[in-house]
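Worksheet for the structure shown next.
The values are calculated or read from the model by the stated rules, or taken from the named source; none is laboratory data. For clarity, every value in this text was computed on a predicted model and none was experimentally measured. Cβ coordinates were reconstructed from backbone atoms using ideal geometry, including for glycine residues, and neighbour counts include every protein chain displayed. Only protein heavy atoms, including side chains, enter the accessible area calculation; ligands, DNA and RNA are left aside. Shrake-Rupley method; radii C 1.70, N 1.55, O 1.52, S 1.80 Å.
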Amino acid sequence: MSDNVTLPKQGHSDTTATTGEELLTVEGMAKHFPIYGGFPFKRKVGAVKAVDGVDLTVYKGESLGLVGESGCGKSTTGRLITRLLEPTDGKITYMGQDITHAKRKELAPIRSEIQMIFQDPYSSLNPRQTVGSIIKSPMEVNGIDPPGGRETRVRELLETVGLSPEHYNRFPHEFSGGQRQRIGVARALALEPKLIIADEPVSALDVSIQAQVVNLLKKVQEEMGIAFLFIAHDLAVVRHFSQRVAVMYLGKVVEVGDRESIYNRPRHPYTHALLSAVPEVEVEGDGPPRERIRLAGDVPSPINPPSGCHFRTRCWKAQDKCATDDPPLVQISGNSEGHLTACHFPEDPIVTAHGKDVILDPALAALEDTED
Amino acid sequence: MLQFLIRRLTGAVMIMFLIGAFTFFLFYTVPQDFAALSCGKNCTPENIAVIRENLGLDKPITTQFWEFMVGIVAGRDFAAGSCPAPCLGQSFASGEFVWDSIMDRFPLTLSLTIGGLVIFLFLGLASGLLAAWKRGTAVDKTVSGASMVLSSFQIYFLGPIVLGLLVYQTGWMENPKYHEFTEDPLAWAVGLLIPWAVMATIFVAQYTRMSRSTMIEQLQEEHVRTARAKGMGRKYVFFRYAWRGSLTPIVTIIGMDLSSLLAGGVVTEFTFDLAGIGRLAVESSVTKDLPLTMGVMMFGAFFILILNIIVDLCYAYIDPRVRLA
Amino acid sequence: MTTLTKTEDTPSPTGSDAFLSVRDLRVRFSTEDGIVKAVDGLSFDVERGKTLGIVGESGSGKSVTNLTVLGLHNPKTSTVEGEIVLDGQELTTASEKDMEKLRGNKVAMIFQDPLTAFSPYYTIGRQIAEPYMKHTGASKKEAKARTIEMLDRVGIPQPAMRFNDYPHQYSGGMRQRAMIAMALICDPDLLIADEPTTALDVTVQAQILDLLKDLQQEFGSAIVFITHDLGVISHMADDLLVMYAGRAVERGSVREVLRAPQHPYTWGLLSSMPRLGGDINEELMPIPGSPPSLLNPPTGCAFNPRCTYVDTVGGGRCSSERPPLADGRAAACHLPVDQRQDIFIDQIKPRLG
């Protein structure tokens, strides 16, 4: 099914997608969800700082990966950019237009250019609508009449995503998870968007199906020149899909750069820890040993994030400065062009083992000491 | 916990005030002359004027409302004498204070409700648990089937049949009658046995079905499987793990049933010819005795509010995730 | 049967020295739509102190198998055939009483989602102490002391205070640590871990996996580690069993299976996974189609509708004849062994980078 995917070529088919032209810029964007409580009258007593000052740029036709663990604010960031949520602070610029607080009417033309693909292929499709009407409805809402009619366009789209045009009148429950995600992709493509926000689009799928959808998205991205903000927790999938990658931790981007820099020459300790934690398929003795970094505990609560650098409470290089000064996201010395790191004491840019393992987890440390 | 109680009680007082205001203005702004209503047949305009003055109906409506509300908290004086707090006014028909009329009837309603509740809870939960434990067997099917049949009965149908059989035909029992519990507990229980049994028969079915289905749901929970996986016995898992999770929905339904029963089981009281709160409400509205109607309404509302608070407290006790702050 | 359970030295009925031995296990569920063949003729062995990894996608029967080992399947809707022999004791015919004595004691289980796997109504401490009291007859006080010690071992800070906390007051990683403490409290000989880190973040997963491995060395338990993630299994297991549609399709040591996989399904799994060390320009090779319905599994080899090598075998054998899985290092495939090796070296290996 996935093997004969045909794609109409649109725009440039340049595979080195980054043309350097900014499509979307986000500066200092924040989203604080208020918490109510107190006595005797309920009032705002705090906030979940889900996103706490994010800077990002998505260039035309590129795929930017956004990785981080749960609670880092990556999904909220996606929802803020599509303006499903209203930012508390900061600025979102799309094609030179400030859309931070744009009203419904002003957003209408932009909404069709920024589309979203969701994680759960089961709940994101209306079970009472046929596949045809699911894919058609964005065109109806936005009053778009493609040449040849909407139905013809939907059938084309079904073919594009590797489904059969005959599936037009079927219902979502007749499809498997992977096929449903293809329907979700077709719906996102219906309006010929310039930017697709894909929020964990493959994490609910089985491994063998994941690859089908990743390949489809990659084709769509490269051949139709659509920019992607690819939000995922799986670093290997992001590496495969995105030319540039941003790493988030507790509501902030801590490191961003091209794929090569992030995966092979990371500077931020958190990026090192993340990469080292990925369980790679490897047989002992094959290839050079990787760094082994084991952090202690879980990510702290975004209600009361640590002062200064948010990562300092779990960082093995933290010093007093980290608690007082919030490190800016800048190109530190030794980084290549566009590789920005927010750290006062960056790591060496290698990912293979050097020096001692970093074991911060007290239980692990205790167990491994007794073994020696 | 204390914060929660204070906040909820404050809320309850405000709601009571709103209910009072709502009923007051609803009733007192209808184009009816209450003085004339309470005056009786041979009424002269002079009499009406006197009554009007006695009841305070000649004053502006806001003043009347204020006096009514103050009366609840601090009591007030009528021509007939001083009405101590909580004063809900004076009945047009009998001239009695509303609070006294309600208190006359309330012990019966309370006895009827609590007695019935104890029986139907015990039987309902026990049979529901039994059906869940023996799920899929003949026992389960019998219990579930019987509860289906019973739940389709109504009090006004079953009540007369039982009365006819046990009282009129065989004479085994006497007509239901209310005795003070404090005077003669045995007579109290015997007198209400028939209504209790009939109420229980009808309510039991609902509790059987609900406790069975929530238990079966809970038994599928992953934490129940974990408890089994660590070697806990079937009985232990059933009563400690699954049962604990079933309590929340059961308490919700008990709270709802209790408050509606306490606010007056009209049908039950009429079926067995017992004079409780429900009957008082109906009588007062038939005779257009507005102070009494209002009083009964506010009394009922009070119970619903209090029981809701108690149910919320129960939630917190049952489920540690429900934090009260 | 009864004599066999008495002494540990008696060889198990199958004659192997395996601690857990499953032979030709078949588990069927009756559902409204028909009979689901969740496990269909599965055999494997686990040796003392070793880790067996079972890899498969959703619906491959990997979780059902292990619930059946503990006797946690619903006896009313499912039928179990075959043999499960644990340390000389046959479990498929064991009484409920005997199974209760085993569970949490000799065999313990770790579940995927630690939030739903703990009861929200009781403290973590109580839930961990419960099986210890039941199986060892310890007093409440002893059980509490032991629980606090275990919480400390798995890295819960201030264990004496956290003893009285409820599960929702623990973070996700902490809950899974508590689950491990609960599983290890009676020093089990066999630990069944069903996707124990799938619900966790990657940095926490790394901590938990290492912890589990280190604790295994200390406690000497055998582990059956169930997962869909070949990466996780390559770090955890000694031996590997690949499952597809309720059957084992490939078996061997981790090293053997990952270095030179022999089954087309295993090839598919490996080449559809992106890797940190892989070549970015190499496209992922997904397995076409979707996993089969177990109500009506394909005839012959269950993988045949998705397999690229059906024509290479030829003669319609793949759809008519079910390939057997030999003992030891083996794959259930009709392709001759040397041809499989050639295909792997020529076509598959270059893609894996």
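Looking across C:Q262, C:Q339, one residue alone is over 18 Å from C:K62 (Cβ atoms), open to solvent by 10 Å² or more (accessible area, probe 1.4 Å), more than 12 Å from every other protein chain (Cβ to nearest Cβ) and not in a loop (DSSP other than H, G, I, E, B). It is C:Q339. The residues of the stretch A:228-251 that are in contact with a Pro (Cβ under 9 Å, 6 or more places away or on another chain) and either part of a strand (DSSP E or B) or over 18 Å from A:Y270 (Cβ atoms) (or both), listed by number, are A:F230, A:I231, A:A232, A:V237, A:H240, A:F241, A:V247.
Here is a yes/no grid of residues against (1) more than 14 Å from chain C (Cβ to nearest Cβ); (2) touching a residue at least 40 places away in the same chain (Cβ under 8 Å):
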residue	(1), (2)
A:T313	no, no
A:W316	no, yes
A:Q331	yes, no
A:P346	yes, yes
A:V351	no, yes
A:D357	no, yes
A:P362	no, yes
A:A366	no, no
A:D369	no, no
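Of all residues in the stretch A:197-209, which are within 7 Å of another protein chain (Cβ to nearest Cβ) and open to solvent by 20 Å² or more (accessible area, probe 1.4 Å)? A:D206 - this is the single residue of the stretch A:197-209 that is within 7 Å of another protein chain (Cβ to nearest Cβ) and open to solvent by 20 Å² or more (accessible area, probe 1.4 Å). Every test in (1) closer than 30 Å to C:D214 by Cβ; (2) in contact with a strand residue (DSSP E or B) (Cβ under 9 Å, 6 or more places away or on another chain); (3) open to solvent by 30 Å² or more (accessible area, probe 1.4 Å) is passed by C:V232 save one, and that test is (3).
The set of residues in the stretch C:1-28 being modelled with pLDDT under 90 and either part of a strand (DSSP E or B) or polar (S, T, N, Q) (or both) consists of C:T2, C:T3, C:T5, C:T7, C:T10, C:S12, C:T14, C:S16. Go through the residues of the stretch A:64-86 one by one and say whether even a single one is more than 20 Å from A:A198 (Cβ to Cβ), away from chain C (no Cβ under 14 Å) and touching a Phe, Trp or Tyr at 6+ places or on another chain (Cβ under 9 Å). Scanning the stretch A:64-86, I find no residue that is more than 20 Å from A:A198 (Cβ to Cβ), away from chain C (no Cβ under 14 Å) and touching a Phe, Trp or Tyr at 6+ places or on another chain (Cβ under 9 Å), so the answer is no.
Of the helices (runs of 4 or more DSSP H) lying entirely inside the stretch B:180-293, those containing at least 1 residues that are touching a strand residue (DSSP E or B) at 6+ places or on another chain (Cβ under 8 Å), open to solvent by less than 10 Å² (accessible area, probe 1.4 Å) and modelled with pLDDT of 85 or more span B:222-229. Considering the conditions (1) farther than 24 Å from C:Q216 by Cα; (2) modelled with pLDDT of 90 or more; (3) surrounded by 17 or more Cβ atoms within 10 Å (Cβ to Cβ); (4) not basic (K, R), C:Q89 is excluded by exactly one of them, (1). On inspection, C:R153 qualifies as at pLDDT below 95 and either charged (D, E, K, R) or touching a strand residue (DSSP E or B) at 6+ places or on another chain (Cβ under 8 Å) (or both). Exactly one residue out of A:V202, A:V220 is within 21 Å of C:P274 (Cα to Cα), touching a residue at least 12 places away in the same chain (Cβ under 8 Å) and assigned to a loop (DSSP other than H, G, I, E, B): that is A:V202. Scanning the stretch A:107-145 for residues that are under 16 Å from A:H167 (Cβ atoms) and of a type in the set (V, I, T) gives A:T130, A:V131, A:I134, A:I135.
Residue by residue, here is whether (1) exposed (fewer than 15 other Cβ atoms within 10 Å of the Cβ); (2) at pLDDT below 75; (3) in contact with a strand residue (DSSP E or B) (Cβ under 7 Å, 6 or more places away or on another chain); (4) more than 30 Å from B:Y317 (Cα to Cα) holds:
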residue: B:R8; (1), (2), (3), (4): no, no, no, no
residue: B:V30; (1), (2), (3), (4): yes, yes, no, yes
residue: B:S38; (1), (2), (3), (4): no, yes, no, yes
residue: B:T44; (1), (2), (3), (4): yes, no, no, yes
residue: B:R76; (1), (2), (3), (4): no, no, yes, yes
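Restricting the search to the stretch B:116-166, which residues are of a type in the set (S, T, N, Q) and surrounded by 13 or more Cβ atoms within 10 Å (Cβ to Cβ)? Listed by number, the residues that qualify are B:S127, B:T142, B:S144, B:S147, B:S151. Would you confirm whether or not the stretch A:246-259 contains a residue that is within 11 Å of another protein chain (Cβ to nearest Cβ), closer than 17 Å to A:I350 by Cα, surrounded by fewer than 19 Cβ atoms within 10 Å (Cβ to Cβ) and modelled with pLDDT under 90? The answer is no, given that none of the residues of the stretch A:246-259 is within 11 Å of another protein chain (Cβ to nearest Cβ), closer than 17 Å to A:I350 by Cα, surrounded by fewer than 19 Cβ atoms within 10 Å (Cβ to Cβ) and modelled with pLDDT under 90. For C:P159, the test of being more than 20 Å from B:M232 (Cα to Cα) and either surrounded by fewer than 22 Cβ atoms within 10 Å (Cβ to Cβ) or within 11 Å of another protein chain (Cβ to nearest Cβ) (or both) is passed. Among the residues of the stretch C:271-284 satisfying the criterion of being more than 7 Å from chain A (Cβ to nearest Cβ) and not charged (D, E, K, R), which is nearest to A:D286 (Cα to Cα)? The extreme case among them is C:G278.
When you check C:R322 against the structure, is it in contact with a Gly (Cβ under 9 Å, 6 or more places away or on another chain) and farther than 30 Å from A:A277 by Cβ, yes or no? So C:R322 fits the description; yes. Go through (1) of a type outside the set (G, A, S); (2) more than 30 Å from C:K134 (Cβ to Cβ); (3) surrounded by fewer than 24 Cβ atoms within 10 Å (Cβ to Cβ) for C:R251 and report which single condition fails. In the conditions (1) of a type outside the set (G, A, S); (2) more than 30 Å from C:K134 (Cβ to Cβ); (3) surrounded by fewer than 24 Cβ atoms within 10 Å (Cβ to Cβ), C:R251 misses (3) alone. Within the stretch B:235-244, can one find any residue that is more than 14 Å from every other protein chain (Cβ to nearest Cβ), closer than 30 Å to B:L305 by Cα and touching a residue at least 40 places away in the same chain (Cβ under 8 Å)? Checked the stretch B:235-244: no residue is more than 14 Å from every other protein chain (Cβ to nearest Cβ), closer than 30 Å to B:L305 by Cα and touching a residue at least 40 places away in the same chain (Cβ under 8 Å). Do you know which of the residues in the stretch C:100-120 that are open to solvent by 10 Å² or more (accessible area, probe 1.4 Å) and either without any contact (Cβ under 8 Å) to a residue 24 or more places away in the chain or among the basic types (K, R) (or both) is farthest from the other protein chains (Cβ to nearest Cβ)? Among those residues, the one meeting the criterion is C:K106.
Selection over the stretch C:121-143 of residues that are over 18 Å from C:K101 (Cα atoms) and either buried (at least 21 other Cβ atoms within 10 Å of the Cβ) or touching a His at 6+ places or on another chain (Cβ under 6 Å) (or both) gives a count of 3. Within the stretch C:183-208, the set of residues being open to solvent by 10 Å² or more (accessible area, probe 1.4 Å) and either of a type in the set (D, E) or facing another protein chain (nearest Cβ under 10 Å) (or both) comprises C:C186, C:D187, C:D189, C:D194, C:E195, C:A199, C:L200, C:D201, C:V202, C:Q205.
Condition test on C:R247, is it more than 12 Å from chain A (Cβ to nearest Cβ) and under 18 Å from C:S63 (Cα atoms)? So C:R247 passes the test.
Scanning the stretch A:316-331 for residues that are more than 25 Å from A:H32 (Cα to Cα) and surrounded by 18 or more Cβ atoms within 10 Å (Cβ to Cβ) gives a single hit, A:A318.
Just one of the listed residues (B:T113, B:T62) is open to solvent by less than 30 Å² (accessible area, probe 1.4 Å) and of a type in the set (V, I, T), namely B:T113.
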